[in-house]
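Asks: Dumping the structure here so I can ask a few things about it.
The values are calculated or read from the model by the stated rules, or taken from the named source; none is laboratory data. Just so we're clear, the structure is a prediction, and the values are computed from it rather than from any experiment. Note that we place each Cβ from the backbone using ideal geometry, even for glycine, and neighbour counts take in every protein chain shown.
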Amino acid sequence: MSKCQLCDKQEDEKNIQEQAGYSVCLSCDCKYTDNELIQLMQLSMLDNYNLYEFHSGGGCMHFAYDTDIDELQWLINDVDESKEPSQQYPTNKNQRCMFGLYYGYIDSKLGAKVKKELFYSSSLPNWQFYDEGFYFYDTLENGVSKMKEVTQSINNLLKEKK
Ligand SMILES: [Zn+2]
């Protein structure tokens, strides 16, 4: 059995078609243009994963997720084979994505704590630090829950006694 990525219906493999890189059932296939389909999928991903769309300037667009700390947000982009972020919204939950968190904008003491928290959450796949930021790679579908888990530990930093 396969699942239609648009209506979530379970279908026999032979009744699943591919459109614009998605697996869709026969009743959803060709119901929309490729562009409409991509937009619908993006909206449903934003909704399902509780993310929002963010423009960081210069035409760069990301899916984003806030921590409880001001100015500290995750930015998510799909990546190509060279691991470079697309700077466009991800289009498919199976895409390999970069989940980035830049803590250079926040108070440096708090930033150091965030860094430590990220370091000890190294269950994250393919993670790396750079300057004052951090990123890891995973598919959108798998990465979102890991991102939210580590965000929970970061949010808990605010509750710690000084
Ligand atoms: Zn369908």
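Asks: Mind listing just one residue for me: the one in the range 124-151 that is among the charged types (D, E, K, R) and over 9 Å from the mean Cα position of the chain (by Cα) and, of those, nearest to Tyr65 (Cα to Cα)?
Replies: That would be Lys148.
Okay, residues lined up against (1) surrounded by 13 or more Cβ atoms within 10 Å (Cβ to Cβ); (2) assigned to a helix (DSSP H, G or I); (3) out of contact with any Lys or Arg (no Cβ under 7 Å at 6 or more places or on another chain):
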{"site": "Val114", "(1), (2), (3)": "yes, yes, yes"}
{"site": "Leu118", "(1), (2), (3)": "yes, yes, yes"}
{"site": "Leu124", "(1), (2), (3)": "yes, no, no"}
{"site": "Tyr135", "(1), (2), (3)": "yes, no, yes"}
{"site": "Glu141", "(1), (2), (3)": "yes, yes, no"}
{"site": "Val144", "(1), (2), (3)": "yes, yes, yes"}
{"site": "Met147", "(1), (2), (3)": "yes, yes, yes"}
{"site": "Thr151", "(1), (2), (3)": "yes, yes, yes"}
{"site": "Asn156", "(1), (2), (3)": "no, yes, yes"}
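Asks: Now for a different question. Kindly provide the set of residues from the range 122-145 that are closer than 20 Å to Phe63 by Cβ and in contact (Cβ under 8 Å) with a residue 24 or more places away in the chain, ordered by number.
Replies: Leu124, Gly133, Phe134, Tyr135, Phe136, Tyr137, Asp138, Thr139, Leu140, Glu141, Gly143, Val144
Asks: Determine which single condition Cys25 fails, assuming it passes every other condition in (1) crowded, with 17+ Cβ neighbours inside 10 Å; (2) at pLDDT below 95; (3) not assigned by TED's automatic domain parsing to the domain that holds Phe119.
Replies: (2)
Yes/no per residue for (1) at pLDDT 95 or above; (2) crowded, with 20+ Cβ neighbours inside 10 Å; (3) away from the ligand (no atom under 16 Å from the Cβ):
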position	(1), (2), (3)
Gln5	no, yes, no
Asp8	no, no, no
Cys30	no, no, no
Ser56	no, no, yes
Thr67	yes, yes, yes
Glu84	no, no, yes
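Asks: Checking the structure you have, find out if any residue of the range 34-49 is over 13 Å from Tyr89 (Cα atoms) and in contact (Cβ under 8 Å) with a residue 60 or more places away in the chain.
Replies: Yes; the residues of the range 34-49 include at least one that is over 13 Å from Tyr89 (Cα atoms) and in contact (Cβ under 8 Å) with a residue 60 or more places away in the chain.
Asks: If you don't mind, another one. Collect the residues in the range 43-94 that are of a type in the set (D, E, K, R) and over 23 Å from Gly111 (Cα atoms), keeping them in residue-number order.
Replies: If the condition is that a residue be of a type in the set (D, E, K, R) and over 23 Å from Gly111 (Cα atoms), then Asp47, Glu53, Asp78, Asp80, Glu81, Lys83, Glu84, Lys93 are the ones that fit.
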